[in-house]
Amino acid sequence: MAEKIIMFCRYYVLLIVLLPYRTLQFFYHKLSFQVSRASNLDAAEGIENHVPIEPKISSSFITDSEIQSEFAHHAPGVARMNNGSFGCCPASVISALQQWQLKLLCQPDHFYFNELEDRILESRYKIKDLINAEDVDEVSIVDNISTAVAIVLQQAAWAFAEGKFNKGDAVIMFHCAYGAVKNSIKAYFSRAGGYVIEVQFNFPLNSNEEIISEFSKALEREKGNGRRVRLAVIDHVTCMPSVIMPVKQLVKICREEGVEQVFIDAAHGVGCVDVDMQEIGADFYASTLYKWFFCPPAAAFLYCRKSATYSDLQLHHPVVSHRYGMGLAEESFWVGTRDYSPYLVLPSAMEFVKRFKGGVEGIIKMNHDAVVEMGKMLAEAWGTNLGCPPDMCASMIMIGLPSCLGISSDDDTMQLWAHLREKFGVEVRIHYQAPKDGEVVLTTGYVRICHQIYNKVDDYYKLRDTINQLVHDGFTCALEFNEA
């Protein structure tokens, strides 16, 4: 009898106990699969139909302590006032970046073939809405402005080679165009037989009219000489010296004077100034996303107006890979095996921006107001002047340095820049403004300061006190750097 009871327990009791669990487990996995499948389908449909996911609405805006926590990875003791060079990335976006990188490394085949294209398309849609583009096909994600410039200028080089452009046809730009952009013009345009028109304007500036007038006169002069201007390259915000350019008026002048295409170099674009493609009206507009919009390096975009995209001058990515000939956006999506994670964190960066009152517009205004206030404080402390009126400044401003520092060359600016960074922990950019022939000016050196949300007033006080100390100590560039 005992043996029968033991046999019963061994074979039937365990079954009776486990049966409800197995049944529940079956239905749990089936339900989980259906929910997961439905979520994936909804996500795919959302991207295809561009139905944005509603963000979680915070009951309060980000606090000062939360901002400092987001940037706690910044080197301590360093006054970072050079955001315009390399940007910044908050901890929450860095976390998203690392998650994307881990996702790639966990299963590259699945990531590259099943996920990457949709995620990049999602970022392109967000850029389209951010800049008020007409169509997502007008937006291509690239790594930086240099790549975007190469895309546009490469077509010009081909146009010369194929006889669509004639030797001596011109590109017009300002003398303060970024150095790398000038080099690209040399490499693609000048080398192919093109002529470069370089427009000068005086600095310091008093108004936009000074810029507009010089640009108009240069175009009229070359037009009178029979020169055909194929392309204009214009900064939205110049690097050094820093000033907001009147891009809408300059684009309008280009249209009136028959300039065929206009490229706006907006390295300091999204997150620094208001950006609207319909209002600006340029053919090409390239902006970084890592300088002023909190993405990690390197992420940028190139907007190509449909009329430019479908012209007989075809646009191609300079890195030729498997998607050549499928359109610029497709070519830019895949340029070989690399880390595309910086392209994918744009939604996370946008969520970060939404934590601020007024969103990106609120950040732009806050940075502008703060940098103007700090610029005026420094100019008063040093007895100098601002480089332009406040309404011509974005999140960066130029302030004259005391003349006794003896800044007399571009080499001096580079060495003083390094000296401030390495000896005092002060990060800024220095600009040399060469006097015109026969001109006597007191101020030849200017400092460019930036303001981003992580900056504190103490950063600018540190710069003020450092320069005052150099003046007190009798520092001059000639004595310090020539002896070295």
**OP:** Pick out, from region 150-245, the strands (runs of 3 or more DSSP E) lying fully within it that include 1 or more residues that are surrounded by fewer than 20 Cβ atoms within 10 Å (Cβ to Cβ) and in contact with a helix residue (DSSP H, G or I) (Cβ under 6 Å, 6 or more places away or on another chain).
**Re:** 195-199
Original post:
So, in region 278-320, of the ones that are over 18 Å from L121 (Cα atoms), among the small types (G, A, S) and at pLDDT 95 or above, which residue ends up surrounded by the most Cβ atoms within 10 Å (Cβ to Cβ)?
Top reply: A282
Subject >> Residue among I399, I430 that alone is more than 19 Å from F86 (Cβ to Cβ), among the β-branched types (V, I, T), surrounded by 14 or more Cβ atoms within 10 Å (Cβ to Cβ) and in contact (Cβ under 8 Å) with a residue 24 or more places away in the chain >> reply: I399
Original post:
Here are some conditions: (1) under 30 Å from F301 (Cα atoms); (2) outside the structural domain of H175 (by the TED database); (3) open to solvent by less than 30 Å² (accessible area, probe 1.4 Å). G375 meets all but one. Which one does it not meet?
Top reply: (1)
Original post:
Which one of V78, V93 is in the same structural domain as T466 (by the TED database) and either among the acidic types (D, E) or surrounded by 14 or more Cβ atoms within 10 Å (Cβ to Cβ) (or both)?
Top reply: V78
Original post:
Is it fair to say D437 is at pLDDT below 95, open to solvent by 80 Å² or more (accessible area, probe 1.4 Å) and of a type in the set (D, E, K, R)?
Top reply: yes
Original post:
Taking interchain pairs and intrachain pairs at least six residues apart, which have beta carbon atoms under 6 angstrom, with the first residue in region 458-482 and among the hydrophobic types (A, V, I, L, M, F, W, C) and the second open to solvent by less than 70 Å² (accessible area, probe 1.4 Å) and not in a helix (DSSP H, G or I)?
Top reply: L463/V426; V471/P402; C477/G406; C477/I407; A478/G406
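The values are calculated or read from the model by the stated rules, or taken from the named source; none is laboratory data. Note that this is a predicted model, so its numbers are computed, not measured. Note that each Cβ is placed from the backbone with ideal geometry, even for glycine, and that neighbours are counted across all protein chains shown. Surface accessibility is based on the protein's heavy atoms, side chains included, excluding ligands, DNA and RNA. Shrake-Rupley method; radii C 1.70, N 1.55, O 1.52, S 1.80 Å.
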